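Participant: Take a look at the following structure, please.
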Amino acid sequence: MRQTSESTPRLTLNRNVDLPEGARPLRINLPYLIVIGAVHLLSLLVLDPWYFSWAGVLSLVFGYFLFGILGITVGFHRLLSHRSFECPKWFEYCLALLGTCCLQESAVWWVSVHRRHHLHTDDQPDPHTPKAGMLWSHIGWLLLINRESSRKETYHRFTRDLTRQVFYTWTDNKLVMSLIVAIHMFVYFAVGFGLGWLPQGNVDSGVRMGSSLIVWGVFLRTVLVMHAAWSINSITHLWGYRNYDVPDDSRNNWILGLLVHGEGWHNNHHANINSARFGRQWWELDTGYLTICLLQKLGLARNVVSH
Ligand SMILES: [Zn+2]
Ligand SMILES: [Zn+2]
């Protein structure tokens, strides 16, 4: 891949690419609107001091990395979408479950959308190119696209490696997905309840601490991990520098590179799709890749592609 010295940020807003076919006819995807709207509204409870606790804040920070790195960056993206390393099957399923808890749909759906993005980057069939509008690429495509009609065809085309496995068809079921999310919320509440109840055996303290962990560690964390992933779809195809002269608008954005576990080195990723290593220059810190290296040392990852 030809490297480029271009470093001037470029704005490619409103370049008028038609919305992808799946978006027509345009109509509101009500279940998505309800779920995404509800979790955003519930996250506002952090503004109520009753829900504040330092344990809640810690659970937010811890969860942002646990679910953001292991669930989305390492699990859904570098492992399942691109197979940039191998790992034991049980561990792959654990990563997929962490990703499912992030309310970004099932692993099969996430991977199918992402593979379509790579195949048609910044072209009309790209599900979330900012050329169709920045707001569209950030959240509009989630709320407005009519995907149920094309779900089967999309899966057949892009994710047959996953749909062959019972685990992935099982976790693609809406009821099962909801159950997984509910169980992880219960675990958060139970841990919080234990932390609040143990010192004096006070049930009220237990309920308050459990609620704090749910609001900070689940609701707010889910919203932050959502916007982190969506920002990669929108911002890194608009603003940043390019190390590689690839035939799309992908960019390396240093703010998102640091905040979103190396995912912000998006131009590097588009140039080296199957590589687990997104950071290419010494300053391009890639905590997603460092996590995979750590997993390799622990014997949980092998055959890591890093070229
Ligand atoms: Zn990718
Ligand atoms: Zn991209």
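Participant: Scan segment 72-101 residue by residue and report those that are part of a helix (DSSP H, G or I), within 15 Å of ligand 1 (Cβ to nearest atom) and under 19 Å from residue 274 (Cα atoms).
Facilitator: Residues satisfying the conditions are 72, 73, 74, 75, 76, 77, 78, 79, 80, 81.
Participant: Please go through segment 102-140 and give me each residue that is within 23 Å of residue 220 (Cα to Cα) and outside any helix (DSSP H, G or I), ordered by number.
Facilitator: Passing the criteria: 102, 103, 104, 105, 106.
Participant: Quick one: would you say residue 92 is free of Cβ contacts under 8 Å to residues at least 24 places away in the same chain, under 26 Å from residue 153 (Cα atoms) and not small (Gly, Ala, Ser)?
Facilitator: yes
So that you can scan it fast, the table gives a plain yes or no per residue for (1) among the polar types (S, T, N, Q); (2) in contact with a Phe, Trp or Tyr (Cβ under 6 Å, 6 or more places away or on another chain); (3) modelled with pLDDT under 95:
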site	(1), (2), (3)
229	no, no, no
232	no, no, no
240	no, no, no
252	yes, yes, no
273	no, no, no
276	no, yes, no
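Participant: Moving on to the next point. Return yes when residue 143 is part of a helix (DSSP H, G or I), more than 16 Å from ligand 2 (Cβ to nearest atom) and out of contact with any helix residue (DSSP H, G or I) (no Cβ under 6 Å at 6 or more places or on another chain) and no when it is not.
Facilitator: No; evaluated as a whole, the condition is false for this residue.
The values are calculated or read from the model by the stated rules, or taken from the named source; none is laboratory data. Quick caveat: nothing in here was measured; it's all calculated off a predicted structure. Cβ atoms come from the backbone with ideal geometry, glycine included; neighbour counts cover every protein chain shown.
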